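K.L.:
Structure provided below as structure tokens; questions to follow.
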Amino acid sequence: MAHSKKAGFNVLWLQSGGCGGCSMSLLCADTPDFYGALEAADINLLWHPSLSIESGAEALRILQSCIDGTIPLHALCVEGSLLRGPNGTGRFHMLAGTGKPMIDWVRALAAVSLHTVAVGTCAAYGGITAAGGNPTDATGLQYDGDQIGGLLGAGYRSRSGLPVINVAGCPTHPNWVLETLMALAADLFAEGQIDALGRPRFYADHLVHHGCTRNEFYEFKASAEKPSDLGCMMEHMGCKGTQVHADCNTRPWNGEGSCTRGGYACIACTEPGFEEPGHAFQVTPKIAGIPIGLPTDMPKAWFVALASLSKSATPKRVRENAVADHIVVVPAIRKTRLK
Ligand code: SF4
Ligand code: SF4
């Protein structure tokens, strides 16, 4: 998209230490499509490293114009974690042609931006790039894992007075990004609309478990035992959907999909530290046969009592279908008319 000088809500997008998956996800937005949504909301994409035609000096002029105020910057979007190494210099990631580390550009742009948005879990909390020994000293914009701080510091506020808005997800759902930008552009976003980890509450006040098509299996603790089984994946297959803040199953991806609908456990990609769960992603860790990660808000004793009661009451249909890759026992047909 060419840089336009038209009036509107100016968004500048930078990519740092990440895979570019959040941009790829955004381009898969279906209704409305990415460009259609921007246009409808009067959002002007000043520059994006993969989508804009400007490169080299032209692109740098746009960045510099934002810093010196010639172009008003309304939202700085950063995708990917910020690489502070080696030894805090940031020289592991130089912005080509500038002799300056990317973290210095981000600091300078965040200082003038009306809003600052972390797109994806890498930019929000460090994410996959910060996993393991973290040799590049990767961090999020305002969090390092679940610790406030990150590159910009706990006290950072954009010109609007808001902290960094963490549109966490790996990758992000296209509509989480679009809805955030549209709300910001319409001046409909206030501090009370982000949760304790900086995520927009419109999606982070939900759990992935809400609307999962495997809920009947969950109710009876009828569990999948291997990939492709239809049952609930919490007990054996690593699903954390009962604890994870996101609306993936009530706002299906591209209108129809989600991890659990596709047969994959929710691995908590919207949460800080998801990249290092301490166990294989597709295996549920247990102590004495009881899953370690129990549903949010449910005391362990209740869960154990409920699970054993539900297991003893599991209908044959639910029990057998849970460990099959297609429906093997169909629901009984009954007269449903009220008498
Ligand atoms: S598979 Fe996960 S999200 Fe779906 S019902 Fe089971 S625990 Fe919930
Ligand atoms: S279902 Fe879980 S792992 Fe998958 S995108 Fe949603 S929050 Fe991330």
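K.L.:
Between beta-carbons, use under 10 Å as the cut-off and find the net charge around His206, counting Lys and Arg +1, Asp and Glu -1.
P.N.:
Combined, the nearby Lys, Arg, Asp and Glu give 0.
K.L.:
Which of rounded, prolate or oblate describes the range 9-204 when judged by the alpha-carbon gyration tensor and an a/c cut-off of 1.5?
P.N.:
rounded
K.L.:
Further, regarding this structure: Just check the range 157-239 against the gyration tensor rule for me: Cα atoms, a ≥ b ≥ c as the square roots of the eigenvalues, rounded for a/c under 1.5, and otherwise prolate or oblate depending on whether a/b exceeds b/c.
P.N.:
Prolate shape, in that a/c is at least 1.5 and a/b is the bigger ratio.
K.L.:
Here's something else I'd like to know. Let me check I've understood the local charge: for Ala130, count other residues with C-beta under 10 angstrom from its C-beta, Lys and Arg +1, Asp and Glu -1. What total comes out?
P.N.:
-4
K.L.:
So, one more: When the Cα centres of the range 163-192 and the range 222-246 are compared, how far apart do they sit, in Å?
P.N.:
28
K.L.:
Might you list the cysteines of the chain that have no disulfide-compatible partner by the rule of another cysteine's Cβ under 4.7 Å?
P.N.:
Within the chain, the cysteines lacking a partner Cβ under 4.7 Å are Cys19, Cys22, Cys28, Cys66, Cys77, Cys122, Cys212, Cys232, Cys239, Cys248, Cys259, Cys266.
K.L.:
Sticking with this one: Over the chain, with a single point scatterer placed on each C-alpha, what log10 of the ratio I(q)/I(0) does the Debye formula yield at q = 0.08 1/Å?
P.N.:
After summing over all Cα pairs, the log10 values are -0.44.
K.L.:
Which residue fluctuates most in the GNM of the chain (Cα springs below 10 Å): Ile67, Ile128, Ile103?
P.N.:
Sorting by GNM fluctuation, first place goes to Ile67.
K.L.:
I've got another one for you. Students often check this: by mean Cβ neighbours within 10 Å, which of 222-235, 273-286, 157-170 ranks highest, and how do the rest follow?
P.N.:
157-170, 222-235, 273-286
K.L.:
Also, quick follow-up: Starting from the Cα-Cα distance between Val330 and Thr213, subtract it from 0.36 nm times their residue separation and give me the gain in nm to one decimal.
P.N.:
40.5 nm
K.L.:
Run the count for the range 207-339, please: Lys pairs, Cα-Cα under 16 angstrom, 8 or more apart or on different chains.
P.N.:
So the count of such lysine pairs works out to 8.
K.L.:
Mind checking the full-extension length gain between Asp146 and Ala196? Use 0.36 nm per residue of separation minus the Cα-Cα distance, one decimal, nm.
P.N.:
Extra length from Asp146 to Ala196 when fully extended: 17.0 nm.
K.L.:
Ala305: net charge of surrounding residues, Cβ under 14 Å, Lys/Arg +1, Asp/Glu -1, itself excluded?
P.N.:
Here the charged neighbours net out to +3.
K.L.:
Where the centroid of each part is defined by its Cα atoms, how far is the range 77-144 from the range 320-339 in Å?
P.N.:
If you average the Cα positions of each part, the centres end up 52 Å apart.
No value in this document is a laboratory result; all are computed from the given coordinates. Computed from a predicted model, the values in this text were never measured in an experiment. Virtual Cβ from ideal backbone geometry, glycine too; neighbours counted across all protein chains shown.
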